[in-house]
Amino acid sequence: MKMAKKILAVVLASMFVLAVFAGCSANKEENTASEKLVLATSADFPPYESIGENGEYVGIDIEVAQAIADKLGKELVVENMDFDSIISSVASGKADMGMAGLTVTDERKESVDFSSSYATGIQAVIVPEGSDIKTVDDLYADGASYKVGVQLSTTGDIYFSGDIADGLTSCTIEEYTSAQEAISSLATGKIDAVIIDNEPAKSYVAANDGLVILDTKYAEEDYAIAFAKGSALTEEVNKALEELIADGTVKQIVDKYIAA
Ligand code: ARG
């Protein structure tokens, strides 16, 4: 009996010591390790996101995300991936949020939640100088058989694939995992046109001789940040974003990358 009591006392005492230590180390962790904010993006889309001269991530989305992380006191971690993987990695919680010149669409709203919009985009068409394609309508002309390149799963892809499926155009589509690949294919004459958002279109045309953007716009859209459905982050990030829009920070970042 005595022995049993002693053992019990020792067990209880060591449990207490363990509990105290566990408590301490848990507290320590909370106080020192700053929480991460993991951003899923596809860094092939200047001026929204691309890889800078020193291998660092640069662009409007990266700087807005950094400003949000600063406001929330979190450490921004950029995860670069194919555009096609962004929505699923956000929806599955692998990344905390997605920013990629990402257009708000009803279909995407079925798998992710969106913040307020912080920018707008217009789908544009890039062709080689002197192309027979003079306006967007030429892609929809009777018997048109142009090869049109898009980045996989982008709205350009969704719209044009839809138009082909609906029999509105007899052109064909080539889907590329990266925007850069689509542009390289166009520059080397493998395809006849690329549908891509207007600001990246301007950046790519500036960086590649012999390409021009058609005057006619294809479609207008809103860019926003994507979150897992019901994510606790949505509200705090959105609040930070709205403050950054209201105090002019977002405009300042945009103006740094896009000449008025
Ligand atoms: N705005 C288009 C979309 O949401 C294209 C975005 C492509 N973004 C990128 N980082 N490559 O579908």
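Which one is nearest to Thr249 (Cα to Cα), of the residues in segment 35-50 that are in a strand (DSSP E or B), among the hydrophobic types (A, V, I, L, M, F, W, C) and within 12 Å of the ligand (Cβ to nearest atom)? Walk me through it before giving the result.
Going through segment 35-50, the residues in a strand (DSSP E or B) turn out to be 36-41, 45, 49-50.
Subset that is among the hydrophobic types (A, V, I, L, M, F, W, C): 37-40, 45.
Cutting the leftovers down to within 12 Å of the ligand (Cβ to nearest atom) gives us 39-40, 45.
Working: Leu39: 19, Ala40: 22, Phe45: 21 Å.
Among those that are in a strand (DSSP E or B), among the hydrophobic types (A, V, I, L, M, F, W, C) and within 12 Å of the ligand (Cβ to nearest atom), it is Leu39.
Could you check, for segment 107-118, whether at least one of its residues is without any contact (Cβ under 8 Å) to a residue 12 or more places away in the chain and either touching an Asp or Glu at 6+ places or on another chain (Cβ under 9 Å) or closer than 19 Å to Gly230 by Cα (or both)? Checked against the condition, which is being without any contact (Cβ under 8 Å) to a residue 12 or more places away in the chain and either touching an Asp or Glu at 6+ places or on another chain (Cβ under 9 Å) or closer than 19 Å to Gly230 by Cα (or both), segment 107-118 yields at least one hit.
Let's see how each residue does on (1) hydrophobic (A, V, I, L, M, F, W, C); (2) touching a strand residue (DSSP E or B) at 6+ places or on another chain (Cβ under 8 Å); (3) under 14 Å from Ala95 (Cβ atoms):
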{"position": "Ala40", "(1), (2), (3)": "yes, yes, yes"}
{"position": "Asp44", "(1), (2), (3)": "no, yes, no"}
{"position": "Ile51", "(1), (2), (3)": "yes, yes, no"}
{"position": "Gly55", "(1), (2), (3)": "no, no, no"}
{"position": "Asp61", "(1), (2), (3)": "no, yes, yes"}
{"position": "Gln66", "(1), (2), (3)": "no, yes, no"}
{"position": "Leu72", "(1), (2), (3)": "yes, yes, no"}
{"position": "Val78", "(1), (2), (3)": "yes, yes, yes"}
{"position": "Met81", "(1), (2), (3)": "yes, yes, yes"}
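A count restricted to segment 188-223 and to residues that are within 14 Å of the ligand (Cβ to nearest atom) and of a type in the set (Val, Ile, Thr) stands at 3. Each residue in segment 194-234 was checked for being within 21 Å of Asp137 (Cα to Cα) and among the small types (Gly, Ala, Ser), and 2 of them qualify.
A single entry from Asp82, Asp166, Asp106, Asp138 fulfils the requirement of being surrounded by fewer than 18 Cβ atoms within 10 Å (Cβ to Cβ), farther than 30 Å from Glu242 by Cα and not polar (S, T, N, Q): Asp166.
Quick one: which residue in Glu236, Glu220 is within 22 Å of the chain's Cα centre (by Cα), at pLDDT 95 or above and surrounded by fewer than 17 Cβ atoms within 10 Å (Cβ to Cβ)? Outline the logic, then answer.
On the way: Glu220 fails: at pLDDT 95 or above.
After applying the criteria, what remains is Glu236.
Across segment 145-164, a minimum of one residue is classified as β-branched (Val, Ile, Thr), within 22 Å of Glu181 (Cβ to Cβ) and free of Cβ contacts under 8 Å to residues at least 40 places away in the same chain.
Applying the set (1) within 13 Å of the ligand (Cβ to nearest atom); (2) polar (S, T, N, Q); (3) modelled with pLDDT under 95 to Ser85 leaves exactly one unmet item: (3).
For the residues Ser131, Ser145, the requirement of being surrounded by 14 or more Cβ atoms within 10 Å (Cβ to Cβ) and not hydrophobic (A, V, I, L, M, F, W, C) singles out Ser131. Among the residues making up segment 160-175, a single one is more than 15 Å from Val136 (Cα to Cα) and of a type in the set (A, V, I, L, M): Ala165.
The values are calculated or read from the model by the stated rules, or taken from the named source; none is laboratory data. These numbers come from a predicted model, not from an experiment. FYI the Cβ positions are ideal-geometry reconstructions off the backbone, even for glycines, and counts take in every protein chain you see.
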